[in-house]
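Taking it in order: structure first as structure tokens, then the write-up.
What follows draws every value from the coordinates through simple rules; no lab data is involved. Please read these numbers as outputs of a predicted model, since none were measured by experiment. Please note: Cβ atoms are built from the backbone with ideal geometry, for glycine as well, and neighbour counts cover all protein chains shown.
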Ligand code: PMP
């Protein structure tokens, strides 16, 4: 039988019943909307089920208070919920406990936290940092700029024409002067699933650390950070049915323990005098100021939601949709798809149609109520390497259907006719 019950899942997402096509000046307006939404922009952000919205409204309606400070009941309840959310994330990704789970704003902030709190203190002109040519700007720009600040050499592992990493090149680039390897787990442009455990072995053979960008991986497949042996691992709540404004940095406890704080202020201190301060235990040392409490509650609910479906089933559904989209789009000989074959990719397909600009294509698709991404998907250098300024990207999630992919393909065909 089919791995997941998509029809039942769709019931949990009111937004999927929305019509579109009207005036965008009034967000959420439905008066002049006519066409049922086909939402295929999930790699940018996923939609939010009732269960997550309700968990967050329950927090605001019933136990909204600041955490860690109050003795009063609401503050204690909010603190329990906030702390338990860390435990739930730890369990979900195979971390050993809440000490290893730092809440951030998103993946980007998790990356910057490590770059500044670890990189600025540890990197020098004798070191190198190894990235891949398919890194998202969140990692690429962060390490590139840190290289400029510290003098560390930033290197890029080649991506082959089939969208896979050149592992021989990785073995050449990672050497005894490598201090950090930063690699995307699932590429948000190519859909490539990288061999991150092998890269972790390579990094560790040279006493380097490895940071894995799991923004597209944690939402779409089971992830076990200890099986990968990642030193750092990051992802965003909003791509896995959770709210915006919360992301996760996993770090091995011993490494986080050694690191200086990234942000200073309240909540992250133990003792403060006019001359000096000491730091709170992990993970609070890295969570200065009033944190994203409601978002933590929402993230917890999102993880419960996905775990109820089963991440192995989510992965299966994603790859079946990706394979179907790949096969259907290759029916057109003027469609070029980037990345690995249909049966070897994460749940997204980036492509171009002849010489039609991806923005024009996306605009035609929007006329058909099909929502996709057009642009460089925060991988400008990779697009330069592919020889195109932009691409169109359709990306799938638990609530997407094969019929929606048919709607995508029909709209693409319309655009092909229109542009001749
Ligand atoms: N890395 C990858 C692979 C991504 O797809 C994204 C989101 N597009 C990010 C990092 C950044 O995520 P966020 O914008 O939530 O920080």
Handout entry: Nearest-0.05 FRET efficiency for residue 32 and residue 355, computed from C-beta distance (R0 25 Å)
Key = 0.15
Exercise for the section: Between the alpha-carbon centers of segment 194-266 and segment 24-95, tell me the distance in whole angstrom. Expected result: 22
Handout entry: Volume per residue that the Cα convex hull of segment 52-174 spans, once the total is divided by residue count, Å³
Key = 165
Exercise for the section: Find how many whole Å separate the alpha carbon centroid of segment 119-174 from the alpha carbon centroid of segment 314-361. Expected result: 28
Practice task
Over all alpha-carbon pairs of the chain, lay out the pair-distance distribution in 20 Å bins, whole %, shortest bin first.
Solution key: 26, 55, 19, 0
Exercise for the section: Please identify, among 277, 57, 391, the residue showing maximal mean-square fluctuation in a Gaussian network model of the chain using a 10 angstrom Cα cutoff. Expected result: 277
Handout entry: Per-residue Cβ neighbour rank within 10 angstrom, fewest leading, 71, 255, 210
Key = 71, 255, 210
